[in-house]
Structures are given as structure tokens and as C-alpha cells.
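Colleague: Structure in C-alpha cells, see below.
Laboratory data are not the source of any read-out in this text; all were calculated from the coordinates shown. The structure presented is a predicted model; accordingly, all values stated were derived computationally and were not measured. Glycine also receives a Cβ, built like all others from the backbone with ideal geometry; neighbour counts cover every protein chain displayed.
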Amino acid sequence: MTDQTNFEPMVVGFTCNWCSYRAADLAGMSRIKYPPNIRLIRLMCSGRLDPTFVLKAFEGGADGVLISGCHPGECHYLEQNYKMLKRFLLLRKMLIQMGIEPDRLKLLWASAAEGARFAEEVTKMVETVRSLGPLNWSKVVDSNGGHATVIPVLAKEEVTA
Amino acid sequence: MTEERIGVYVCHCGTNIAGTVDVEEVSKWAGEKLKKDGVVVSRDYKFMCSSLGQELIQADIKEKSLNRVVVAACSPHLHEKTFRTACQKADMNPYLCEMVSIREQVSWVHTDKRVATEKAKALISGGVLRVAKDEPLEAIHVPINPATLIVGAGIAGIQAALEIADSGFPVYLVERDSSIGGHMAQFDKTFPTLDCAACILTPKMVDAGDHPNITLLTLSEIEQVDGYVGNFTVTIRKGARYVKEDVCTGCGICIEKCPIKVIDTNFEAGLGYRKAIYRNFPQAIPKYPAIDTEHCTYFLHGKCKACQLFCPTQPNSIDFEQQDEVIRIEVGNIILATGYDLFNSRRIPQYGYGRLANVFTSLEFERMCNAAGPTEGRVFLRDGITQPKTVGIIHCVGSRDKHYNNYCSVICCMQSLKFAHLVKERTGAEVYEFYIDMRTAFKDYDEFYQRVLQEGVNFIRGRVAEATDAARLPGEEGKLIIQAEDTLIGKQRRIPVDMVILSAGLEPRADSEEVAKKFGISCSSNGFFIEKHPKLDPISTLTEGIFIAGACQGPKDIPASVTQGAAAAARVLGRIQSKELALEPIRASVIEERCSGCRICNDLCPFNAITFNEELNVTNINQALCQGCGTCVAACPSGAISGTQFSDEQILAQLDGILSLPINSGKVKTLESVPA
Ligand code: FES
């Protein structure tokens, strides 16, 4: 395991081009500070988010993944963020079965005007992931003969949620 | 396949980036460490976007035969086009140029130079890996329908309509009210020149009404907007007027004969009356009256028909059977000029509007001053006969106040000064202005302030606590007392007055969110429409082909609204003249050999671009309808749909790149131990 005291979470963020990427732009233009632990990838729409991207990110060393799109009803392509929402909900369930705490995946609706909020939510997310600790998923799975362990308690919670 | 030859260009942006990111180090690092990924040259420069910066890239493309370029600078939303065009000029396919945002996403939001530098490296590494997967593309050209839709016929909308129509292209001017002119038609004088609003507006209204290239649709609302830039199909509901526009001469006899009088809360701001068949004012455009079915005796009780009886036209112009009409039009561009709503002064109970008779709103006062208004331009108290001897004007009502609106409504200071002048001119009354700050920027505005100062108006600097009729001191009996802290002398003051005018702020239209949704644009947190860029492109929106002008974008006075109307028109005209528009070639397409015909993607497209070919058992995507969101690309279980510019390969390569450096590598300083 990595040295806990030195742990700096790596968060990958997928943002849509129209609202959330611009929210990040606005945070920048307004010089609002947030932790450097997030690195963004721009998609045209959150609907472009292939669940594989998230899994690849975790596999590649991300400790958390942020998905950000326009607010419901405000997607530049009308309703594609709803389709992403479905994938997101499914993904969370899947993560639990793979032994990944679902809180490592966060969904954020952010409009182009919400630079401050974007920064705030990113800060929160980084702290959440920091408290969860490093993921090191690929290593854990490898050492377990390629098997993931389901997170039992959380799995139950999710069912009742 | 030719090998990748990538150039990396790191911008200092003055100190904007260089202040927080060690740009020289980043550029050196990219040149060495990313050599294996195809980087052949890496440079840093003060301002990459300057012509010298661009020439630097172009020279490298030529001399070092680069075939891909990564520019690490500001957000791609600012300069992607600049750099792509530069590359294109050097004969490189523009879509092989990528931008990495190390200003908005790094230097402006982080403080620790070492960590920021490492993040910049990681992002650049993502950009380099991604650009290697980029494919050369051609822009998509769409034809532009020369017709334009303008929503809202206030001064901004009218100006835009006239500019376009005068250039010879068709315009549909849609207005919700029964006549055009917007708020400006309600005013008497305009600041700072004090010329009469009607005198300068009515000629424009007449022009718009008569123009052979303008189709005027009043009492109309937009129901639906389909399509995309160049080819919008818009569904409009034209409300029934119950007057036949093709026969009515606008003689006005029906209005005279109508027995029903109702308080006009719309145009006269509740100060005057109109009939159940009405037009807003005598010079209204269009000239045809409209029937208000909520008050018309015929619609309520089935009898009367006085208007029809007295109508002199042949055939009769009154048509009680008229129905709403649904009209469908095709346009290439759309300008929204939907204006503002006045702040509802009742929301501030301590100012007494609606409770204390002699508290007036700014709009009420405008109507009172208007020679064609309910008092024929005379300033009276609510009783309609007494002239005020003292008048208090309160600025910033509903503006610059965290309980209501944080923003400054821009026009209120000048409007209040104008009111002070008019009160003095018409009644000779003593006037007190209560202001927070006096904002008289723009041409001739401050001169007007000086003039009003010289006219002997009293100015008290301080936010008003309340306006009340509870007298406490001698001389306050029967008066309205304005209580405020005079911040210049640091004392509480109570000023007894006969009349209070509330200079109410401007708010976004109550339905602005709904309208924005219809047109696929967005509103800022205070509800005004968001422009593409606050400084460099205030009239465009993020949605191609949709423009905004006037107060729907933010509080604005008349000159600024006119300017924006004309600017939006100029932009549209440019589009029309060039006949076609180049769009980003971001589209999805099906690789037929891989498509299994599962049809999972078939329901995902909101633009109906996806169809299924039963015969071949494969899905097709119509390139003209596809907007490039990529939802189907993400959904295809066989990987049979590819999305240009955002392909799986590109995104996953970028992901690899940004994950290649750990967050704390800067602190731990063991760069070499970083996993490749
Ligand atoms: S464009 Fe932002 S979520 Fe679709």
C-alpha cells in the first residue's frame, strides 16, 4: 500500500463541453481555487460517457472519477444527460460488486454559470476520496487471482436506497 | 501510416500561466520525456496566440515537418479556433491540433507551483497521446436559410428586424403583446437628451409594420423549435385577435363603441383604463385592435356585439369565431430579444407599494408623464387632482440587494434623474433622491446629472429603510415619511414627502428559463440569458444560430439595446451572405461490418438521426441530422459506432496520458520512479 500520510488522491473528471467544462473555465476565470487532484477530460456531452472510460480510469490508477454534465433538462443535446444518469446508476451498482466504494464515483450537474459550485464540489469530492484512501484496484484484484471482492455492507445499502 | 511528428507549445500567457506553472521546465520535460510518444519539438513562448507565436508553430510545421500540434495554453473555448486556423494556413489539417488548458484548469485555480507544474505535465501528456490518435477531418458545410426569426419586438428586436429586412432578407418578427414597441413605447422622455420616446420609436415601429420583408406576428408565442443552425423549423401559436387583419382599417370606432372599461394593468401599469376591445395606444402597430375575452360581454354572456354592429368595413372585421392559428416557419437564424420584467415593488413591504396610495412605481410614473397616458402628462397624486409639493425618489429598488437581486440594474440612476427633472419641470415640487451610488457612466450621462444637480434637486446618499405614513414629528402629519441614513453626514434622516417614486430594477422575464430551454440556450444564475463570451461575444450563445440582444442578456438602457440589436443583425447578415456555415465535423457514424443490428442505439437519438435498415439489418446515422453528442457511440455494445474527434481511442489515450504522473510527484521528487 502507498504511504497513507503521503496519499494524494487522483481524480479523473469527465465533463461535457457545454456546461460543466465551461463551469471549470469560469472557476478559472474567477480565480477560484480548488485542489490540484483533479484532471479533466472533455467530452461533447455527458451522454458520450462510455462506462468503460470509468473502469479504465480506475484501472489506470484513479482513486475517484467525477462525471459532470448539464443540469437535467439543460443538456445541449436535449436529454442525453438522462441517458448518462441511467448509466451512472448502473455503474455504481457494478462498482460495489467489483469491490470499489461507490462514493469514488460522483455525478455533478453543473451549469456554465456555476464556476464557484464546480470548485466547491470538486473540493468535496477530493476530500471524500482522500478519506476513502488509495484504491489500487488493479493490484488488489491481481493479488486475489483476478477476482474482485464485493463490498457486502454497501451492497445491501444500495438495495434499500 | 506515416509516423507522428508532434510539436508541443507551452504558453506563458504573460504571467497568467508562467506565474504558477514552471513553463520552461514543462516544455523541456515534454521535449525529453514525451519523445517516445512522437514529440519532436517542444517550445515555450510568452504569448502563443500572438501572431509571432502562431508563426513559430507554422515555421515548425514547415521546417520540422510536424504533422500534429499540441498547444498548452488557455481553454480551447477561447483559442482552439485560432490555433487550428494557424495550422491550416501551414497546410496541416486543422483537426490534428489539440489544446490543453493549463490556464483555466491549472495556473488560475492552483497555487502550489510544483504541484501545478506536475499537473500541467500530466495534462500535456494526455494531449500528446490524444493528438496521436486524431484523424484529419473536413469541416461540415451547412446551407443557411436566409430567413430570420426575431422573438420580441421591443426596441432591440425592431432594430435587428429593420437591419436585416433593409438588407433584403425576410424576417419574422414575433411579439407576445398585441402591439410592438416593448417597454420603450410606454415611456415619455428618454435620458439624457429628453427627446420623447414616441417621437423616436414610432417611426421605427411603422417601418417594421410596413416593411415588405418583415412578417409581423403579434399576440404570438413560440411553441417549439426544431432543427439546427441554418435550418430551424419553428412552430408559432398566433393567438386569436377576433379582428380580421386583412379587412380592418384600424378606424377605432369599435373601441369607441365598446361599453366595457377595464383597468389596463399591462400597458398603462394599472393607472388607466382601456376597453374590452382595445389597442395599447392610438399609434399602436399593428393598428388592428384585439378583443380581451376575459372582459368582453359577448364572450362572457353571449350578447352585446357592439363592436361588430358598428364596424364600418365590408365585410365586417370582427370575427368572434376566430381561432388560434398554428404557424410553422423555416428560418436559418434566430435572434432572441425578449426584454425584461420590472421588479415587483410589492416584494419590499417596507416601501409600502400597494399599501400606501402615493407610492408609485417607476413605470406608473412613466405613464403619468406620458402626454398620451392616463393623466395626459400631468403629475398628480393617486387622487388624480392634487399636485405633489415634495417628491422622494428611491433608487436601487430590488437591485444591489442580496435579498432580491445582487446586480445593478444599470438604468435606474439615470431614470431617477430624469424623473427628478420631470417632476421639477411639471410641478416645481421639491425633489429628494435617495441613492446608494450615483452611476452615470456613458456619453452625456454625467452632464445630465450635473444639470439636475443645478436644478436644485436634493441628493441623499443612503439606502432607504422605509417609507411610512406613521407621523412622529411635527410637520409629518398626512405625509409619507422616508427614513434613511444619510451616509455622508452619518445621520438618520426623516424626510416628509407627498409622493414616493420607486425606481424599480430590471429582472429577467418570469419565463426566461422556459424560453431558454425551448431554444437550447441557458440562463445565468440570475436568470438572464448567457452569452457566448461576456466581453468578446455578448450577442452569440453557445447554441449555433441563436443570438441574443437587449435586456434579455442583462439590464441595459436603450442605446445599448439598439446596439446589440444591430450587432446581432450584422452577425446574422454575415451568415446569410456567406450562404453556408462550416461546422465542427463532430459526428457519429456506423461501421456497418461491425453492426450486429441489435438496435440498442436506435432510441437514443433526440434528433432522429438514427434509422434502421431492415434489409441489411444495420443501423444508419444521418450525418446531416447528427449533432455529435456521442451518446450512441457510448452505447454501442459492438463498438460499431465511431465518433469523430471523440473516439474511444482518443479518449482512452488521453486518459492514459493524464494518469501517467501521480498527483504528489512534485512533492516526492522521485520522477524517475513514475510508472510509464
Ligand atoms: S451537453 Fe452537457 S450533458 Fe449533454
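Colleague: Filter the range B:197-243 for residues that are free of Cβ contacts under 8 Å to residues at least 12 places away in the same chain and within 30 Å of B:ARG378 (Cβ to Cβ); which is surrounded by the most Cβ atoms within 10 Å (Cβ to Cβ)?
Modeller: Filtering first and then ranking leaves B:ILE200.
Colleague: Select, from B:THR468, B:THR440, the only residue that is among the β-branched types (Val, Ile, Thr) and surrounded by fewer than 19 Cβ atoms within 10 Å (Cβ to Cβ).
Modeller: Selected residue: B:THR440, the only one of B:THR468, B:THR440 that is among the β-branched types (Val, Ile, Thr) and surrounded by fewer than 19 Cβ atoms within 10 Å (Cβ to Cβ).
Colleague: Taking B:GLU531 and the conditions (1) charged (D, E, K, R); (2) under 22 Å from B:GLY230 (Cβ atoms); (3) not in a loop (DSSP other than H, G, I, E, B), which numbered condition does it fall short on, given that it satisfies the others?
Modeller: (3)
Colleague: Let me ask another. Scan the range A:57-79 residue by residue and report those that are under 12 Å from the mean Cα position of the chain (by Cα) and more than 10 Å from the ligand (Cβ to nearest atom).
Modeller: Across the range A:57-79, the qualifying residues are A:ALA57, A:PHE58, A:ALA62, A:ASP63, A:GLY64, A:VAL65, A:LEU66.
Colleague: Let me ask something else. Keeping to the range B:494-528, report how many residues are closer than 18 Å to B:TYR407 by Cα, in contact (Cβ under 8 Å) with a residue 24 or more places away in the chain and assigned to a loop (DSSP other than H, G, I, E, B).
Modeller: 5
Colleague: Could you please find all residues in the range B:199-245 being in a helix (DSSP H, G or I) and touching a Pro at 6+ places or on another chain (Cβ under 9 Å)? So that I can check it myself, show each step before the final result.
Modeller: Kept after step one, since they are in a helix (DSSP H, G or I), are these residues of the range B:199-245: B:199-210.
Answer for the range B:199-245, where residues must be in a helix (DSSP H, G or I) and touching a Pro at 6+ places or on another chain (Cβ under 9 Å): just B:GLY209.
Colleague: So is B:GLY157 within 27 Å of the chain's Cα centre (by Cα), buried (at least 24 other Cβ atoms within 10 Å of the Cβ) and part of a helix (DSSP H, G or I) or not?
Modeller: yes
Colleague: I would also like to ask the following. A:ARG31 passes all but one of (1) more than 10 Å from the ligand (Cβ to nearest atom); (2) touching a residue at least 60 places away in the same chain (Cβ under 8 Å); which number fails?
Modeller: Checking A:ARG31 against (1) more than 10 Å from the ligand (Cβ to nearest atom); (2) touching a residue at least 60 places away in the same chain (Cβ under 8 Å), the one that fails is (2).
Colleague: Here is a further query. Of everything in the range A:87-107, what is within 14 Å of chain B (Cβ to nearest Cβ) and either farther than 30 Å from B:ALA516 by Cβ or more than 13 Å from the ligand (Cβ to nearest atom) (or both)? Give them in sequence order.
Modeller: If the condition is that a residue be within 14 Å of chain B (Cβ to nearest Cβ) and either farther than 30 Å from B:ALA516 by Cβ or more than 13 Å from the ligand (Cβ to nearest atom) (or both), then A:LEU90, A:LEU91 are the ones that fit.
Colleague: Could you list all residues from the range A:60-69 that are under 19 Å from B:ILE651 (Cβ atoms) and either buried (at least 24 other Cβ atoms within 10 Å of the Cβ) or more than 8 Å from chain B (Cβ to nearest Cβ) (or both)?
Modeller: Once the filter is applied, which keeps residues that are under 19 Å from B:ILE651 (Cβ atoms) and either buried (at least 24 other Cβ atoms within 10 Å of the Cβ) or more than 8 Å from chain B (Cβ to nearest Cβ) (or both), the range A:60-69 yields A:ALA62, A:GLY64, A:VAL65, A:LEU66, A:ILE67, A:SER68, A:GLY69.
Colleague: Residues being of a type in the set (Val, Ile, Thr) and either within 19 Å of B:GLU321 (Cα to Cα) or crowded, with 20+ Cβ neighbours inside 10 Å (or both): count how many of those fall in the range B:244-254.
Modeller: 1
Colleague: Output the number of the condition that A:ARG42 fails; it satisfies all remaining conditions of (1) near the ligand (Cβ under 8 Å from one of its atoms); (2) facing chain B (nearest Cβ under 9 Å).
Modeller: Checking A:ARG42 against (1) near the ligand (Cβ under 8 Å from one of its atoms); (2) facing chain B (nearest Cβ under 9 Å), the one that fails is (1).
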